[in-house]
Amino acid sequence: MNSKKKYKIAYVASEVVPFAKTGGLADVAGSLPKFLSQSGVDIKVFMPKYSLINTDKHKIIPVDFINGMKVRVSGTAHDAMVYKSTLRNSDVEIYFIENPLFFNREKIYTDDIDEAERFIFFQKAVIETIQRLRWVPDIFHCNDWQTGLLPLLLKDNYSWDKLFENVKTIITIHNVGYQGIFSKEAAISAELKPEYYSPGGAVELNGNVNFLKAGIAFSNLITTVSPTYSKELLTSEFGHGLEIELQKRKKDIYGIINGVDYSIWNPELDKDIPYRFSKNNLYGKGLNKKFLLTELGLRFNSETPVIGIVSRLASQKGFDLIEEILPEIMKLNIQLIVLGSGDSRYEKLFADLKKKHPRKTSFYSGYNSELAHLIEAGSDMFLMPSYYEPCGLNQIYLLKYGTVPIVRNTGGLADTVTDWNESVDNKTYNGNGFVFNNYNSKELLLKINLAVKTFKNKTEWQRIMRNGMTCDYSWQKSADKYIEFYDKLSNPDD
């Protein structure tokens with residue numbers, strides 16, 4: 001859909017693909033703005049210029065008329081240099097805020113003592129940059145705690161500037177588990193009024209300053225990355241201590257499932273897999289499986305299902321459940337391929353497993369984009385037994401590749417994966433994966449067993465595969481939803 005109005009959107013994020021990435025936020029920030037632009041939205045993206053970013057590779061150039069800008073943090077004026085480029089495969093401008101003191105680090109996020117000041121500087125510098133561009137956005141679209149203070153800064157520090165008088169704000173919560181929790185000195189560094197961080201204040205929680213709480217309190221609208229997760233956030237189990245604040249804004253919270261850029265994640269076009277295939281011609285699927293196994297030094301057998309995992313190795317992702325039943329899993333006629341890094345406990349688990357079962361398992365510690373695509377394409381099934389999963393992108397990617405997900409019924413997994421059930425709707429075959437409900441290793445093992453058993457019936461298995469490959473989770477559908485909310489903000493009485 002094209003927007004009723006040509007909105008101007010300042011899209012602010014701490015990480016954007018392909019410039020810098022630690023998680024799904026970067027994928028969203030690198031894709032959604034492109035599709036909003038295609039729908040007629042005038043959008044500019046803003047992110048920090050980390051020293052890790054390859055300036056030459058991404059053709060990042062300075063914005064000379066802005067450079068020399070001063071941004072005050074903790075009463076000190078810091079230099080802010082501004083650069084620009086465009087998002088991959090688009091004309092969408094992206095602006096980078098540079099300051100070596102804050103962003104010349106080995107990682108995007110740190111445990112350094114000035115972590116709060118780093119992102120206070122970034123948020124203020126975004127506002128100051130827009131002032132100098134003389135480009136007045138209708139909406140600031142913020143993302144996660146690193147931009148959570150921005151709606152308050154507009155109302156407080158920059159309330160004097162009539163440029164922002166009619167500006168609205170949205171914050172998207174990608175994972176409420178990360179909140180930006182700091183001592184009250186962070187609020188002093190941001191030069192906020194004491195009323196905001198005193199006990200019971202809008203940014204205070206449990207004696208600390210909470211950046212995400214500020215975003216929840218002061219944004220006009222709150223979105224999150226799946227409809228189910230928008231409801232889970234309101235519970236004590238999944239609200240991570242912010243459920244009461246979120247309940248206060250219940251009528252303003254909406255869930256929009258993340259999309260996929262099918263120009264990148266598509267087995268008919270994917271440049272990172274050796275053989276193309278589609279739902280109407282699955283021959284290449286088996287060839288990719290054979291290529292994957294050969295590359296990893298495993299023997300190919302078309303009758304042996306390959307289970308893939310591409311993930312951050314953390315308990316949130318369900319690896320504690322996998323650990324409990326791994327001996328039983330390895331008794332099955334399967335091969336297991338794992339790509340990821342994270343908790344040393346789980347890295348050791350899979351490294352040891354590879355040594356113990358060298359003919360059945362492979363483990364790559366770290367991240368490898370080409371291998372990730374190959375695992376998505378070459379696996380028969382895929383494990384995502386998360387305790388909670390705000391949206392999840394891998395299950396959306398792999399559906400298009402005919403790789404059948406085994407997931408828990410939570411968050412975005414619940415919104416995108418339907419349990420295979422051949423007996424409903426008068427024998428209408430539906431479902432695109434295997435879903436278990438309770439966070440329980442026995443339930444997970446039952447679903448794995450059922451998937452392995454079902455794999456033997458090629459007709460039934462291909463039906464499940466094609467059900468997944470037919471699903472449409474394109475970014476354009478998500479972009480249309482965001483435009484509806486931009487309309488809602490601009491025309492609240494409609």
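All of Glu106, Glu93 fail the test of being modelled with pLDDT of 95 or more, of a type in the set (D, E, K, R), surrounded by fewer than 23 Cβ atoms within 10 Å (Cβ to Cβ) and out of contact with any Gly (no Cβ under 8 Å at 6 or more places or on another chain), apart from Glu93.
Scanning the stretch 252-273 for residues that are more than 21 Å from Gln179 (Cα to Cα) and free of Cβ contacts under 8 Å to residues at least 60 places away in the same chain gives Ile264, Glu268, Leu269, Lys271.
The helices (runs of 4 or more DSSP H) located wholly in the stretch 320-427 include none with 3 or more residues which are of a type in the set (Lys, Arg) and in the same structural domain as Ser226 (by TED's automatic domain parsing). One residue stands out among those in the stretch 359-379 that are surrounded by fewer than 23 Cβ atoms within 10 Å (Cβ to Cβ) and hydrophobic (A, V, I, L, M, F, W, C): the one that is farthest from the chain's Cα centre (by Cα), which is Phe363. Suppose we keep only residues that are surrounded by 14 or more Cβ atoms within 10 Å (Cβ to Cβ) and free of Cβ contacts under 8 Å to residues at least 60 places away in the same chain within the stretch 447-459. Which one would you say is farthest from Tyr283 (Cα to Cα)? Only one residue fits best here, namely Lys447.
Screening Leu353 on (1) crowded, with 16+ Cβ neighbours inside 10 Å; (2) in contact (Cβ under 8 Å) with a residue 60 or more places away in the chain; (3) not basic (Lys, Arg) shows it passes everything except condition (2).
Let me confirm something: among Lys193, Lys155, which residue is surrounded by fewer than 20 Cβ atoms within 10 Å (Cβ to Cβ), assigned by TED's automatic domain parsing to the domain that holds Val73, modelled with pLDDT under 95 and in contact with a Phe, Trp or Tyr (Cβ under 8 Å, 6 or more places away or on another chain)?
Step by step, each of Lys193, Lys155 is checked, and only Lys155 is surrounded by fewer than 20 Cβ atoms within 10 Å (Cβ to Cβ), assigned by TED's automatic domain parsing to the domain that holds Val73, modelled with pLDDT under 95 and in contact with a Phe, Trp or Tyr (Cβ under 8 Å, 6 or more places away or on another chain).
Flag set for Asn266, criterion: part of a loop (DSSP other than H, G, I, E, B) and not assigned by TED's automatic domain parsing to the domain that holds Pro33.
Restricting the stretch 420-446 to residues that are modelled with pLDDT under 95 and among the β-branched types (Val, Ile, Thr) leaves a set whose member that is surrounded by the most Cβ atoms within 10 Å (Cβ to Cβ) is Val424. Filtering Glu232, Glu237 for residues that are within 18 Å of the chain's Cα centre (by Cα), of a type in the set (D, E, K, R) and either surrounded by fewer than 16 Cβ atoms within 10 Å (Cβ to Cβ) or under 23 Å from Ala414 (Cβ atoms) (or both) leaves a single hit, Glu232. In the stretch 303-319, the qualifying residues are those that are modelled with pLDDT of 95 or more and assigned to a loop (DSSP other than H, G, I, E, B), and the one that is farthest from Thr410 (Cα to Cα) is Glu303. Scanning the stretch 109-158 for residues that are in contact with a Ser or Thr (Cβ under 8 Å, 6 or more places away or on another chain), of a type in the set (Ser, Thr, Tyr) and over 19 Å from Tyr196 (Cα atoms) turns up just one, Tyr109.
Examine the stretch 111-126 for a residue that is free of Cβ contacts under 8 Å to residues at least 12 places away in the same chain and of a type in the set (Asp, Glu), and state whether such a residue exists. Yes: the stretch 111-126 contains one or more residues that are free of Cβ contacts under 8 Å to residues at least 12 places away in the same chain and of a type in the set (Asp, Glu). For beta carbons closer than 7 Å, sequence separation of 6+ or different chains, a first residue in the stretch 77-106 that is closer than 18 Å to Ile130 by Cα and assigned by TED's automatic domain parsing to the domain that holds Pro62 and a second that is of a type in the set (Lys, Arg) and assigned to a loop (DSSP other than H, G, I, E, B), the qualifying pairs are Tyr83/Lys49; Ser85/Lys59; Phe96/Lys49; Ile97/Lys49; Glu98/Lys49. Selection over the stretch 109-131 of residues that are at pLDDT below 95 and either surrounded by 20 or more Cβ atoms within 10 Å (Cβ to Cβ) or in contact with a Phe, Trp or Tyr (Cβ under 6 Å, 6 or more places away or on another chain) (or both) gives a count of 0.
Yes/no matrix, rows are residues, columns are (1) buried (at least 22 other Cβ atoms within 10 Å of the Cβ); (2) in contact (Cβ under 8 Å) with a residue 40 or more places away in the chain; (3) assigned to a helix (DSSP H, G or I); (4) touching a Phe, Trp or Tyr at 6+ places or on another chain (Cβ under 8 Å):
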residue	(1), (2), (3), (4)
Ala10	yes, yes, no, yes
Val28	yes, yes, yes, no
Phe35	yes, yes, yes, yes
Ile43	yes, yes, no, yes
Tyr50	no, yes, no, yes
Thr55	no, no, no, yes
Asn67	no, no, no, no
Arg72	no, yes, no, no
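The values are calculated or read from the model by the stated rules, or taken from the named source; none is laboratory data. These numbers come from a predicted model, not from an experiment. Cβ sites come from the backbone with ideal geometry, for glycine too, and all protein chains shown count toward neighbours.
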